[in-house]
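Written out below as structure tokens is the structure these notes cover.
The values are calculated or read from the model by the stated rules, or taken from the named source; none is laboratory data. It should be emphasised that the depicted structure is a prediction, and the values quoted were computed from it without experimental measurement. All Cβ positions, even for glycine, are placed from backbone atoms using ideal geometry, and neighbour counts span all protein chains on display. Only protein heavy atoms, including side chains, enter the accessible area calculation; ligands, DNA and RNA are left aside. Shrake-Rupley method; radii C 1.70, N 1.55, O 1.52, S 1.80 Å.
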Amino acid sequence: MEFECQETIRVSEKSAFFVVNACKEQQIDQNQVDSNTKIEKAASSKLDIKFSCKKGILAGCSQKSSNDVLPNGHRSMSDLPAALISEILDCLGPKDLGIISCVSTNLHRLASEHHVWKQFYCERWGLPAIPATIDAGLNNEKSWRDLFVEREFRSRTFMGRYNVDVLYGHTEGVRTVFLLASAKLIFTSGYDSIVRMWDMEEGLSIASSRALGCTIRAIAADTKLLVAGGTDGFIHCWKAVEGIQHLFDIRAPQNQNTQFRLWEHEGPITSVALDLTRIYSGSWDMTVRIWDRFSRKCLNVLRHSDWVWALVPHDATVASSSGSDVYVWNTSSGDLMTVVRNAHVGNAYSLARSHTGNFIFTGGEDGAIHMLEISDHCIETDVLKVATWIPHSGTVYSLAFEFPWLVSASSDGKLSLIDVRKLLRTNKGASKRSVVKQLDRKSLAKKLDQSSVEPPQRMLHGFGSNLFSVDIGADRIVCGGEEGVVRIWNFTQALEIERRVRALKGIRLENRMRRRKHQLEINNKGSHTDQCSVAAKKNSVNGDRNSIRYNKRGMTNKLKA
């Protein structure tokens, strides 16, 4: 579809969506034209801007000089203001933006520097460890697009080769593991009541704490604070110490400046979590407590009807599992937003959540894993079951999620890797689009065919029974269980192989393009030589005819004389 560019165009949200919606009215059959041919034509010829839109997505376009005006008076996309082009690009996904960036230099600049790449990154993996330097453009001058492409590339390595490192040190079963990828640290603990810190790269023990006096069932950490929850009902906390390479001095004796404990739970603590301002803890006393990180005071108590097994916070909400039910709470007001009754047959032992907070994954005693979508319509909160997997023959004790991989650990001694990329739907542009009605969502749920849900892409074996905890990040999967050892599945070898394969593909593509260019030059020279030979033959024929005519004239003159 061609766009007419008026003399004055007001850049607004309505105009941007008018352009995109106008594309929906006329669709071009993409099967008739090969995608490679489109790109070659776009780079070599000046054509009208044409869009093939499907569900508001820009499918392809070709390039035309901005200074040229078509005979019919229409103009190209380059004549649109940059702000309006930016609004159009805002409706596209990562793949479509990559296609658009290959069309022309101008679109490459606009698509590569578009602010939506930051949103794409944060929706999948959250903010990186040092966002300030990235926004300032200092972190090796990597843009958000470069960070997104690199992280997306690394996420594919979990289907490749791996090495298994076994860490020994615990004398009894390991109940909890936590991977702090930004600091390349691993924290583990269990029945021996000792918290151990390991180097993620080398697999070596860095430090171990004194015995805390009870089983440690939960650990959480960031670059400022390390917390561990014990069965005696306390939360032991270590503050990060400046000047220490590994952040925390856990081997030091108890010091009020670097360590403290929180006491208010009346039962064993089963789960802990952190965000920027709060500490979350769940216990068998059927409560989830929310603490202020700085004042160390309990801000709110969320009461359940059964033992709390797991929790996972996101922004102003926290999801928790109690008995066989799954709850979603508002952390500011303490109000219950929604509850999923009997999510599992038996207890719901594990929870995980996407970085957008819209999707919650649950694992339970029945060996099943459910994927739930939470949608808040201000008035009420809806829950939609998106998919269900049953990859294990035993209880699912732990879940961990890093886009697009969901990892589960079970009592059957197996790990399952599930790619949920196709099932995730981002909420980008939700404020600009109409809200889906509840009836439409229910009809969508009815149309959902469980047979279309793909099974786990990979199963990792080789363990004993009862894997209690698992975590994923930085090309690694860490798990611990009843054996008392910690295993690290290292996929960096697959990353290196993938990089070499990618480099070889680039070399082959470059050679193919060079050969094609050389062949085109040969063909052009051959066609030019053929044209010259044809012209020479024509001239020779005409010359012979002229000479014959001249001779005839000469003959006639002689006869007359």
- Message: For region 207-223, which positions are of a type in the set (D, E, K, R) and over 32 Å from the mean Cα position of the chain (by Cα)?
- Response: ARG210
- Say we look at region 378-426 and pick out the residues that are within 24 Å of THR317 (Cβ to Cβ) and open to solvent by 70 Å² or more (accessible area, probe 1.4 Å); which of these is modelled with the lowest pLDDT? THR426
- Message: Here is a check on your reading of the model: is ASP306 charged (D, E, K, R) and within 17 Å of LEU399 (Cβ to Cβ)?
- Response: no
- Counting only residues that are touching a residue at least 12 places away in the same chain (Cβ under 8 Å) and open to solvent by less than 70 Å² (accessible area, probe 1.4 Å), how many does region 92-118 have? 17
- Task: May I ask you to say which residue of GLY364, GLY334 is assigned by the TED database to the domain that holds TRP238, farther than 26 Å from ILE216 by Cβ and over 25 Å from the mean Cα position of the chain (by Cα)?
- Result: GLY334
- Query: Can you tell me which residues in region 447-478 are modelled with pLDDT under 75 and part of a loop (DSSP other than H, G, I, E, B)?
  - Reply: LEU448, ASP449, GLY462
- Item | Selection from region 181-203 of residues that are in a strand (DSSP E or B) and either in contact with a His (Cβ under 7 Å, 6 or more places away or on another chain) or more than 14 Å from ALA474 (Cα to Cα) (or both) | LEU185, PHE187, THR188, SER189, GLY190, ARG196, MET197, TRP198
- Message: Being more than 18 Å from SER469 (Cβ to Cβ) and in a strand (DSSP E or B) is the filter here; which residues of region 206-234 pass it?
- Response: ILE206, ALA207, LEU225, PHE234
- Qualifying positions in region 386-415 - within 21 Å of the chain's Cα centre (by Cα) and among the charged types (D, E, K, R): GLU402
- Sole residue being touching a residue at least 40 places away in the same chain (Cβ under 8 Å) and either out of contact with any Ser or Thr (no Cβ under 9 Å at 6 or more places or on another chain) or not assigned by the TED database to the domain that holds ILE186 (or both), chosen from LEU247, LEU204, LEU225: LEU225
- In region 186-201, which residue that is farther than 21 Å from GLN254 by Cβ and under 30 Å from the mean Cα position of the chain (by Cα) is surrounded by the fewest Cβ atoms within 10 Å (Cβ to Cβ)? GLU201
- Task: Just need a number here: residues in region 120-160 that are modelled with pLDDT of 85 or more and open to solvent by 70 Å² or more (accessible area, probe 1.4 Å).
- Result: 1
- Query: Hey, any hits in region 436-443 for a residue that's modelled with pLDDT of 95 or more, open to solvent by less than 40 Å² (accessible area, probe 1.4 Å), out of contact with any helix residue (DSSP H, G or I) (no Cβ under 9 Å at 6 or more places or on another chain) and not hydrophobic (A, V, I, L, M, F, W, C)?
  - Reply: no
- Message: Any residue at all in region 274-288 that's modelled with pLDDT under 95, under 34 Å from the mean Cα position of the chain (by Cα) and aliphatic (A, V, I, L, M)?
- Response: yes
